[in-house]
Structure formats: C-alpha cells, structure tokens
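Colleague: This is the structure I want to talk about, given as structure tokens.
What follows is calculated from the coordinates using simple rules that are stated; it is not laboratory data. Please read these numbers as outputs of a predicted model, since none were measured by experiment. Cβ placement follows ideal geometry from the backbone for every residue including glycine, while neighbour counts extend to all protein chains displayed.
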C-alpha cells in the first residue's frame, strides 16, 4: 500500500485523479491539498465523492506532504508545478506532474508558449515524458514524470508507427483535432459558458496552440529529425473526449495499403493494454473511449496519402488515467489496475 | 418609422432585441449603447449581425439617446434601470424596461428580493406590467412598460383563466418550472460553465426565487385576493426555453373535465395571436416555442386536481419578443409584426 | 467465483451490466446471449468493450445457460422475461429480472399497463422486489428478484421515510419526474432521434406511465393503506439520470421542519451504502449521481407541505447497478463491490 | 404574389422551407403535399406552425399542383425527384429541386453514388446548379434549379476564389468537414438516436461520401481541369450547422499572405449578400451562422499551405434558405427577402 499526495484537486484533472485512485486497491490517498488555502472536505467540493472519501483538502504544506506521501501528483496549472516539484524531489518523493512544466526540453520554446521563464532546469533534465507506449522502460525508474498533454497523447500514439517505420513525408503532417471543453481546464472564461459552447463548433488557436511544440518534440525524436506539423484544434460542444483526424503524405508510392497499415499498427502496439487498432471498416468514436483509458486508432489508405483517426478521453488517457498508468509502471502494479 | 434606442446590448435580451427589431419594417435602431463605455461595432460584439447592422455601441449618453429616439428599450440588469428611466421619461420618451425594476408594486418586497432600496417610486406608480394578454388596453397608452419576467410570463398565462373564472383553490398552486441557461443572463459564474450544466439537471432557489413574488402579485390581482404559490425552478442543460408543469386543486368537486377546461382556455385566449391551447392529447414542448413568441398551454384533468403545462422561449415571449409585442401595441402596429 | 449468465445484452441495461460485472472480482461472465440469434462478439456489438471481454453473444440456449451459470440476469423487454424465467428457476438457478414482469403483484394491473396477460403467476408469488433499502433481508435468500423500475427506485427511496413514519397525507403525493433518454430503452422511435430530443423538453404519459402503479404498490405497502399518486414524467435532453421533485402535504400542522426532516432521513438510511441525504442548503443534482449507484435525496420544509428532491442514474441505481447490488446481497459479497 | 407548391414537407428541408416562405411577403404557399398520402394539417405534423399556416398536406396530385402553383419546390429524397420533375417542367412550371437528382452532370457518377440509374437525362441537361455566388446569371432564367448539397455549398464557396485565381495546387485539397445531425435527413436509423449521437463525435463515409463528386465537379469547372479532393465528413452532436476546415498547398512559394488572401476573398465576394469574410484574427463559428443564410469564411496563411475555415447552416444556406435565395433571383425579388 503506497501513500499518495495530490496537490491541486479543484480542477478537472484533480477530480478525475481522485476518482481513479479511489478504485485502486494498492494505494491510499494520504494527503490532498490545493492552493486556495481553505480546509474543506473533498466531499463538500465535489458532492459526488460523498460516501467514498472523507479527506479534507488543506492548504499546501510541503512538510506534511513529504512526511505522509510516497508519491505526489501535481494537478496544478502550468508554471506553478515547477515551483513545488523541486522540494518534493529533494525530499526523495516521486513526482508525477500533470502540468506542462517538465514536458518541453527546450526552455526557449517553453518561454515562447507559456510566457514565462523556466525556473527548474535541473529537474527538467531528469524528467521522463510519461507516455508508456514509448517510454515504458524509462518510466519504471523515473523520479519525475512529465505527464503528457491531452492532444500530444492522442497525436503521438496515432503517428508513432508511421514515423518509427519511416513511412511518411515527415513535414506533411496535418492534424485536425477536436476536443471537449474539459480540455481547456476549469476556469471562468466567457468562451466556456454553457450558452457559448452549446450547439456551437469552432476552431481556435490555429497553429498557435501550446501543444503543437510538444507534439513536434516527440515526433522529431521518433523520426530522428525535426518534424513540423500543421495543428488546428477545434472545440466540441461536449464535456470529454478528443478525436484527431490526421492527414499525411506517404514517403514513397509503393507504400502499404489499408490492410497492411492496420497490420503494422497492430504489431507496433501488440503488447499495449490501452491502444486498440480498428479493423478494416471500423472508425474510432468518442463514445468508445470516453470514461476509459483506451486510445482507439483507425488507419485508412488514401491513394498517395494516409488518414489516421485517433480518439481518447482527454481526462483519462489524456491526463489522470495516464498518470495512474505511469504510477502503476513505477510501482510494478499490473498496468491496468484501477483503469479498466 | 419610429426611432429606437437600446440601452444595454451586450446581454442575451439586448442581443435578441436587435435580432427582432432588424426584422421590423416600421422601426429604425437609431442608437445603441452599453455601460461598458467603449465604442465598438455591434457586429464586432456579435459577429452574427455582420451584414445586418452597422451601428456602433457607444457609452450611455442620455442627451444623445433622448434626441435620437422615440422609444427606448432598457436591457439592463436589475437596479440599473431605475437610475436611467426617470431622465428618459422626463424627456418625454416612451420606455420599455426589461429589468425587474418596475414590476413589483410593493417596494419592501422589491427590497427583500433584489437587496436594494427602490429609487424611483414615482414612476413605479405609472409603470404598466407589460403582459398584453392581461393588460393590452393599458399598454396602448403606457409611457413606461415593466416588461414581465420569463417565469412570470409563462406561469401567469398558464393560470389566468383558472383564477379569473374562480375554478381552483388559490393556495394550492405548485409550479415546477424548468428553464434553459439563458434565463440566468450572461455572467461569469462557475455554475454556468459548459461542463457544469451539460448532462446535468437540478433545482435551484427552491421557494426563494425572485420571480415568485412577481407571479404572486399578478395572480393575486387576477384572483382578487392574496395568492401564495410553491415555486421550484430547475436548470435545463439547453440554451433557451421554459416549460412549467403546474398542479392545482379544483375549487369544487363538480369541476370541469379536460375537454371543458380546454374549451374554457380557448375561449379565454380566443383573440390572442401568441397563445396556443393544445387540443386533447397534445403536450406543449420546448421545440414548438423556442425561437418563436408563442406560449403553448396544455390542460389536463386529474381527478380533484388540474395539471397545466405551459412553454415559452424565455428570450422571446419571456423577454425581448414580448417587449416588441408591447411596442407594437403602443404604436398600433399589427401586433405580430416582426414576431412571426 | 460465481458464474454469470446474461440474457439480452444489446440494450442499455445489458450493456451497463457487462460494464459493472467486468469490474467485479468475484464473478465471471460465463454466458451471454440475445434474442437476435446471431453469434457476434460482444466487442463487435459494443466496440468500447474491446480489450475487456472476448465473449461471443449467441442465441438463447437455455440448456447451455443452466449448465454454465449460477445466476442469470434477464435484461429483456417486458413480457419476454416471464417466458424464460420459469425454466431457469426450475433448473435451480437464481434469477434477477430487470424487466417489469415480476414487479406488479396484481396481474390485472399488469395486464392494464403492459397490454398482455401474465403468464407465470406461480413465480410471481415468490419474486422479491429488489430494492435493498426496503427488502434486504428477503433479498438475501431470494431465488427470483424483480429488479425495480428506474422511476420507482428514486420515488420510493424519496418517500419511504415519510410514509413509514406516517408524516404525510398519503393521497397528496405529486411526483414531477425528469429522465434522460436511456430510460426509454434503445429503440427506433422517431421521438428518440437526436434532433427530436436535443434542445427540447416535454412531459409525456401524464398520469398514464406504467411505473405509476409500481410506485403506488410499494408506497401502499410502506403506508399500510392504498396510496394514489399524481405522476408526471418528463424527457430531459441528456443520456442518463433521473431527478424527481416531489410535493406532499404534511399530515399535521405541528410537523417537522427542514432540519428535523433531514435528521429523520439520515437516521432512516443510516446504514445504507448508496443513499446520501443532503445537508441543509444542498440540492441533489444529476452530475453527482450519474455513473454511480448512489441515490441523493434533499428534503425541504415548505410551510404545510414538504418538498423532496431525489436523483439517481437510471441505468445504475435505476437498473443494472441495483441488480448487481442485489447479487452482492444474495451472495454475501460486500454490498458495494464493483459499485464504487 | 406568386403561388408556391411544395412536394415533400415532412423532412427537415420541407419544414425549413415552410418556415422561410411564411416570412416572404411576395409569395403564397398554395399547395403542400407529401408522399405519405394522408390529408393532415401542416400544423398537426409540425405543431410549431400552428397559428402561422392552416394548409392541409395532401397526397401528391400533379394536376392540382400544376394548376395552383407557379413554382414548385421538391423537398424529396434522392431518386424520387427525377420521377416528378419532368411532368412539372412539361406543364411549364419552374422547379427548384432540393434533392441530388439534377446536380451531377455525369450519370455514371450519379449511378455509382446513388445506386440507381438516372431517369431524366433530358432535364438534367438544362438544370442549373443553384449556387448564386457562381451561377447567378444562369439562375435568373432557369426553369430547373438543382439546389446544391450542404457540404458542397460550404466547400465550393470556401475554395472558389483560390481556384478561380489559380493560387493553389489543385490536387492538394483536404476537406475535414463537420456537420450537425439534420444533415443526414430525418430517418429512423440507430446511428441517429439521441443516445448514439449525444456526447459523441466521429468520422463517417471517409472518402466515400456522395457529396465528394459534387464538390469535385464544381471545383473542376472553376479550375478548368479535373480536381480530386480528400473529403472526410464527421458527425457533430448538434442539430444544425456545418463547419469545414480545409487545407491546400499554395501553387507557388511567393504566394499571398493572410492579409492579402483576406483582401482577395473580400473582393471576390464583394457584392454577395450572404458571404462574409472574417477579418484577420477572426474565426468562423457555427453560432454565427446557424438560423441564418450566411456563409462565414476565414483564410489563414500557413507557410507553403493555406487553411480555409467556412461555416453555414446546413438547412438554410445548405438547403432551404439557398432554395429561396434562388427563387428570389428567378423572380427578381430583392435577394435577401425572407432571409435576413
């Protein structure tokens, strides 16, 4: 039984973490806190947890957290995590950070997209990007996990086999992504009011979204050279789920057809518990992945190009579910524990 | 051609007013302003109006408004209208106020429910409650219209025939009302975020809603004695529409059956262009009234009680549509102009 | 480890049963079948189950089912269950029927509301109404469970303390209920098309719904005399959840106030793992119960009447969750297993 | 005052046609009929029209229709229109066909995508493709209008300036389109049930949609050579609206930037009453076009490619609104009559 600390529970990812961890038989939520500084019962913040957890959410007390936890999840906004992680790491705690603070290895890119200087270059160097399908071995021994962003998770999983097998023109990638509103986090913005989102649909941050460089960093590693993408996110009038439709040029004309592509993907992800490749004729849809930790992927031959469609739940495989998957790997629990 | 001023256009009722008035062949939107104080084109605030209106929304300049308008609509929050209406009335302008400021005749009730002292008792006395089906004759010559609230509009229309004909026990009225989110106005409240409302449903302000005394005031006038109601509003995960299900005890046991009740209602509302009584077997639904100025009413015999179901669009018959209906009456335009 | 059979898996309750049972550590889904008669993998019918269950859904083969199962869930339409249950019971199997076939003890009422004669009076007599909060002791030794309807579950739990304690006028009960669309079952009806339900809200089957006599039967048992209710169901534009707002007259004028009512309810449901009573000022909402097996109840004093608001997930506490709760009781598993 | 016949009113486009035509001061709905063959009041089929239209929808009687109408709208399913149009045209009536029957000039393509042989090649030759922004002059004198499909309308308007000005590689066009459910028509299909669509999102008919050849036909005419597109439609969990995000390669590297592209589009559509080009920084969204006849277009420079985003209401500019716009042109009514 390991003891868990969670810092930052009032947002969507914190709420989802609690929900998943309460189903986990080998962990105990030992301490929960948030920046607001008030002592409130978790079940008063989220009445849905009444009868499941009795803890009080207190203000952040690093001494208490380090004394009472083995592993700490940071479900904090970007730029706040890097102020808290160093002390936890120094105290020998394992840390899984759900913010973007330890994802981008290039601090000038970080500064450009998050509008602030990076404050913890030392730990940035040892942070492992927590995408189990790519970095499982490193995750096993990691002390600091940079849990991937929601868009990056689905896009990297959708493209990894093609890049690893060198099947496409690397600068031809067009990602048309669609996300539910929880992807934007819980915040009082006019654009997130019910009547602004309901029965609407729109693109936003065309080619300026902060997840684009994160996707490019990881795709570049897979390709072994710099990858530039076109990334257009859209806001869906639903609560949860991301579906990305991706268009790429084949690298050569004698490229694999749909059937062969499907078989390559199935082989690539053969041992993965949370990646499912659609058979011919099947299409991923949000309904199949929402409230699960699965990533569903469909691949379609399109003459000299390939279309890939992939879907996840942004709060589970795209955030808190993946964080728990990383924890399971770090502690050698069965990887699907609390996630099926 | 009459000249219209609108004060307060950034909220839902202001936006809807513009939409309706742009279809009206006998009026011209002469001046539009809001409290924010910036000069912005209406079509920049609401891109949907581009190509339909070219006006600039300026800060509130009462001199300019009185010079350029014949009639002024106040689409302002409660407590703000009563600071602006007096000057307009003094300058001889007609005023239709969509806020609650001139609806409640009893200023201590106003204070209790709106948390502020009433500041314009003089004009409160001459304000006409703008429900055409009840007060059409007075509206014709009114200088100041207190445009009814959304819940009161649907509830009063649903109950007026029963009270006017003395068919029910007046203190048995239970109103179970359900409204879309625009009824709450456009404001940054956590409870109005998309993910808070989507796929949810809940009651709120049980027996403490500020529309309850407004309903009671008008039902009491119709009944000729004090009426007390039970009023439970609920929030629907949709943008527009109110449906109220109302339960009342019959006054005597030899009371009319469904067929007779329907015929009484049809007679009561015979000449009304915007009230539709469902035939036997029919049920009002939001789909039939949303984006219209109609109020649909169904009446059902239930042994010694009666069930009434009524539905409107809260932004049209419950606000801006009714305001234009009042204007049409005041200016002797065909009552349905711009509203069908 | 007990072996489970499920008959009828293509509807919403069958799908939900699989989802819950797959999380249950002490059971094994041994055989799954449906009336359609084709052999199809469960994960082809419901792609969301891929990677979680590999079974094939076959045609109904009672011999195979009785050989391979200890307990059989019937997730069949009304009138079909009673054709299948007798053989299973005869073979010594335990049966939990999610249809209405064994709920109504009065077969002429059954005939009136389900338009067919009852075909299994013998087993009707020994069927236990599977509402654990009322019948837990009988459920323990039951061979046939009539799993309650969704509306009845929430309404009976909301009213049981008041009736058991004789606090209200038993013929004053008005139930204004609102349900998501899955409550109607999965069927090709024009009224269930997306565009018919989306952004709409309406009442249906006013005082003619087949769940009304089921509610009256159980409330009558609790009260010790015949209870007649007014029951008006409405269709919410959401997938899951029922919220009922209930209005009752107090039995005497010196009746308990809100605080006292809350304390009575908390006492009544003290040991219940799935009933949560809201503290003063709190309101049940669907968001807190959807995807859970909880029933949330709020009680509000309203002069000489009482308002009760209660909410459940219609597919969990209102169907498949409750069915598993009954199974847990029958097999002495911890009652919350697979349900938290 | 011209007399209008409408054949096929029970679907979404027929319903929308009635709604628009009732606001048109220069037309009279003279005869309305449907294939169902029953005589039912329009206001019984669509209770929302009660108080606005009193007509009876009768079975199709071509003699009556030709006697009583000047212009006939066919809101019929594909393959049915071409059985009815010839008689109307022979009787000298003008016909606006909202089905696909007269859109594709190549009958073998028609056969491939609509699974039936074309039955009216003679009139196919004289049918004018009713996209006013491209074919206004021909529409003026047309006797038979093939009203464009919803996806084609938005895609052709989005791409016409680039093709007409020869700015892009014509075989690089990728259209990622998203539509609300009414685009699929009103039919009892499991995939259109509320619970199947709600909170879901998915692609469908990837590169096999029947609108792809229609788009290719029209783009080819604009380009002066054969254009092949990649077309991936998706289903949005909303009732109305299409938004297409389009990716194209620039024809040469010294291609125009965003500012210049916007100015080219504004010039191209300068006189169009229903095309609005977003200024720099603006994005089309469904909220701005739903319930209007507008098409909003945004253009974004993306290094050696261009992104175009365009949005319409599929039932108005994508069907019935455009049909009325065509009628206005044919009868020299102001083009925006009944459409603003």
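Colleague: Just report the Cα centroid separation between region B:40-71 and region B:324-340, whole Å.
Modeller: Region B:40-71 and region B:324-340 have Cα centres separated by 22 Å.
Colleague: Say a paramagnetic label sat at a point 7 Å from the Cα of residue D:90, along Cα to Cβ; which residues of region D:97-125 have their backbone N under 14 Å from it?
Modeller: D:120-123
Colleague: FRET efficiency for residue B:53 and residue D:2, Cβ-Cβ distance as r, R0 = 22 Å, nearest 0.05? Show your work: numbers first, answer last.
Modeller: Numbers: r = 30 Å, r/R0 = 1.34.
After rounding to 0.05, the efficiency reads 0.15.
Colleague: Peptide B:17-25: average number of partner chain Cβ atoms within 10 Å per residue?
Modeller: Details: counts 0, 0, 1, 0, 0, 1, 3, 0, 1.
That works out to 1 on average.
Colleague: Per-residue Cβ counts within 10 Å, from other chains only, averaged over A:178-188: what number is that? Spell out each step's value before the answer.
Modeller: Numbers: counts 6, 1, 5, 4, 4, 0, 3, 0, 4, 3, 6.
For peptide A:178-188, the averaged partner shielding equals 3.
Colleague: Using a Gaussian network model of chain A with C-alpha springs under 10 Å, which one of A:25, A:233, A:161 is most mobile by mean-square fluctuation?
Modeller: Ranking A:25, A:233, A:161 by mean-square fluctuation puts A:25 first.
Colleague: How big is the protein assembly as shown in terms of Cα radius of gyration and Dmax, in angstroms?
Modeller: When restricted to the Cα atoms of the protein assembly as shown, Rg and Dmax are 31.9, 91 Å.
Colleague: Then there is this: Output the 0 to 90 degree angle, nearest 10, between the alpha-carbon long axis of helix D:211-223 and the longest principal axis computed from the alpha carbons of chain D.
Modeller: That helix lies at roughly 60 degrees to the long axis.
Colleague: Quick one: helix C:81-90 against the long Cα principal axis of chain C, what's the angle to the nearest 10°, folded into 0 to 90?
Modeller: Around 70 degrees separate the two axes.
Colleague: While we're here: Below 8 Å, C-alpha to C-alpha, sequence gap of six or more: please give me the relative contact order for region A:151-312 in percent. Could you put the intermediate results ahead of the total?
Modeller: Working: 304 pairs, mean separation 48.1, N = 162.
Value for region A:151-312: 30 percent.
Colleague: Kirkwood hydrodynamic radius for chain D: how many Å is it when counted over pairs of different Cα atoms?
Modeller: Values: mean 1/r = 0.0489 Å⁻¹.
In chain D this quantity evaluates to 20.4 Å.
Colleague: Determine, for each peptide in B:166-174, A:224-232, A:282-290, the mean count of other beta carbons within 10 angstrom over its residues, then list the peptides with the highest first. Write down the numbers at each step before the final one.
Modeller: Values: B:166-174: 18.8, A:224-232: 17.2, A:282-290: 23.7.
Peptide ranking by packing, descending: A:282-290, B:166-174, A:224-232.
Colleague: Hey, another quick one. Could you work out how far apart the two model spin labels at residue A:190 and residue D:267 are, taking each label as a point 7 Å from the Cα in the direction of the beta carbon, and quote it in nm?
Modeller: So the label points at residue A:190 and residue D:267 sit 3.4 nm apart.
Colleague: Another one. Given a Förster distance of 60 Å, report the FRET efficiency between residue D:332 and residue D:257 from their Cβ-Cβ distance, rounded to the nearest 0.05. Display every interim value, and only then the final one.
Modeller: Numbers: r = 40 Å, r/R0 = 0.67.
The calculated FRET efficiency here is 0.90.
Colleague: Residue A:3 label points, 7 Å along Cα→Cβ, one per copy: pairwise distances from this copy to the rest in nm, shortest first?
Modeller: Label-point separations across copies, in nm and ascending: 4.7, 7.6, 8.9.
Colleague: Roughly what would the spin-label model give for residue C:36 and residue C:279, points 7 Å off Cα along C-beta, in nm?
Modeller: Using points 7 Å along Cα→Cβ, the separation is 4.9 nm.
Colleague: Then there's this: Helix C:150-164 sits at what angle to the longest principal axis of chain C, using alpha carbons and giving 0 to 90 degrees rounded to 10?
Modeller: 40
Colleague: Using every Cα-Cα pair within region D:91-202, state what percent have a distance larger than 20 Å.
Modeller: Numbers: 3602 of 6216 pairs.
Percent of Cα pairs beyond 20 Å in region D:91-202: 58.
Colleague: Taking only C-alpha pairs under 8 Å that are 6+ residues apart, what is the relative contact order of chain C in percent? Mind showing how you got there, number by number?
Modeller: Details: 723 pairs, mean separation 58.3, N = 340.
Relative contact order comes out at 17 percent.
Colleague: Now, a different point. Could you give me the percent of Cα pairs per 10 Å distance bin for region B:151-312, shortest bin first, beginning at zero and ending with the bin that holds the maximum distance?
Modeller: All Cα pairs, binned at 10 Å, distribute as 11, 39, 35, 13, 3, 0 percent.
Colleague: So how do B:1, B:82 line up by other beta-carbon neighbours within 10 Å, fewest first?
Modeller: Values: B:1 10, B:82 23.
If I rank by nearby Cβ atoms, fewest first, I get B:1, B:82.
Colleague: Could I ask something else about it? Could you sort the peptides A:120-128, D:209-217 by per-residue average Cβ neighbour count (10 Å cutoff), highest mean leading?
Modeller: Values: A:120-128: 15.9, D:209-217: 21.8.
My ranking of the peptides, most packed first, is D:209-217, A:120-128.
Colleague: Taking a spot 7 Å from the Cα of residue D:304 along the direction of its beta carbon, which residues of region A:153-180 have an amide N less than 12 Å from it?
Modeller: Answer for this model: A:170-173.
Colleague: Name the residue, out of B:257, B:101, B:70, whose mean-square fluctuation peaks in a Gaussian network model built on chain B with Cα pairs under 10 Å.
Modeller: Of B:257, B:101, B:70, the Gaussian network model singles out B:257 as fluctuating most.
Colleague: Could I get the Rg over Rh figure for region C:184-226? Both from C-alpha atoms, Rh via Kirkwood, rounded to two places.
Modeller: Values: Rg = 15.5 Å, Rh = 13.0 Å.
Ratio of gyration radius to Kirkwood radius: 1.19.
Colleague: Please compute, for peptide A:166-175, the average count of beta-carbon atoms on other protein chains lying within 10 Å of each residue's beta-carbon. If you can, show how the numbers build up before the last one.
Modeller: Working: counts 0, 0, 0, 0, 0, 2, 2, 0, 7, 1.
What the average comes to for A:166-175 is 1.
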